[in-house]
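This report concerns only the one structure given below.
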Amino acid sequence: MTERIFDGNEHWLTFTEILNKMKKSDVYHISVAYLLALDTVTRQHVNDVFDFGEDCIRLESLEKPWQTGTSRKTTRLAFNLWNGCHSDSGDTDQSCRLYAVDEIFCCQYAPYYWQALQIRFPESCGK
């Protein structure tokens, strides 16, 4: 894989810290760590989004009041890359739409979201 891009030094430092706390460093963990380190809000609430002890995502974090529009997009993409999660608390058409590519990628983090996809699916990127 080509060198990863980071949204500044804090993104890189937090990514490294998160990855060091994770039980594995496979493509699932690396892509989630990359995304959780990206957004300032998810960075501040990383323990609410990922359970390091149980090594799993916390779906309920999408309902937390600290979530912003962008942090929800980042969290949804991280969950999607983790296990294909595609709904919040229910499978309504509205909640499923929130996981659509055009909904998630429609923000300033789109280049970094693309990077996370390349981390998660290196075989599909010709690397």
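Specify which of the listed residues (ASP48, ASP55) is surrounded by fewer than 21 Cβ atoms within 10 Å (Cβ to Cβ), at pLDDT 95 or above and at positive phi.
Details: ASP48 fails: at positive phi.
Residue meeting the stated conditions: ASP55.
Quick grid of which residues meet (1) in contact with a strand residue (DSSP E or B) (Cβ under 7 Å, 6 or more places away or on another chain); (2) of a type in the set (S, T, N, Q); (3) at pLDDT 95 or above:
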position	(1), (2), (3)
ASN9	no, yes, yes
ILE18	no, no, yes
LYS21	no, no, yes
TYR28	no, no, no
ALA37	no, no, yes
>> For segment 13-33, give me each residue that is surrounded by 15 or more Cβ atoms within 10 Å (Cβ to Cβ) and more than 18 Å from LEU81 (Cα to Cα).
In response: THR14
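Does segment 8-57 hold any residues that are of a type in the set (Asp, Glu) and within 13 Å of TYR112 (Cα to Cα), and which are they?
Going residue by residue through segment 8-57, those that are of a type in the set (Asp, Glu) are 10, 17, 26, 39, 48, 51, 54-55.
Once the filter is applied, which keeps residues that are of a type in the set (Asp, Glu) and within 13 Å of TYR112 (Cα to Cα), segment 8-57 yields only ASP39.
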>> Could you check segment 58-77 and list, in sequence order, the residues that are farther than 24 Å from VAL27 by Cβ, of a type outside the set (Val, Ile, Thr) and surrounded by 12 or more Cβ atoms within 10 Å (Cβ to Cβ)?
In response: LYS64, GLN67
>> For segment 55-83, give me each residue that is of a type in the set (D, E, K, R) and part of a loop (DSSP other than H, G, I, E, B).
In response: ASP55, ARG58, LYS64
> Out of (1) of a type outside the set (S, T, N, Q); (2) within 10 Å of the chain's Cα centre (by Cα); (3) surrounded by fewer than 23 Cβ atoms within 10 Å (Cβ to Cβ), what's the single condition that is false for LEU36?
Replying inline: (3)
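The values are calculated or read from the model by the stated rules, or taken from the named source; none is laboratory data. No experiment lies behind these values; they were computed from the predicted model shown. With ideal geometry, Cβ positions are generated from the backbone for all residues, glycine too; neighbour counts draw on all protein chains shown.
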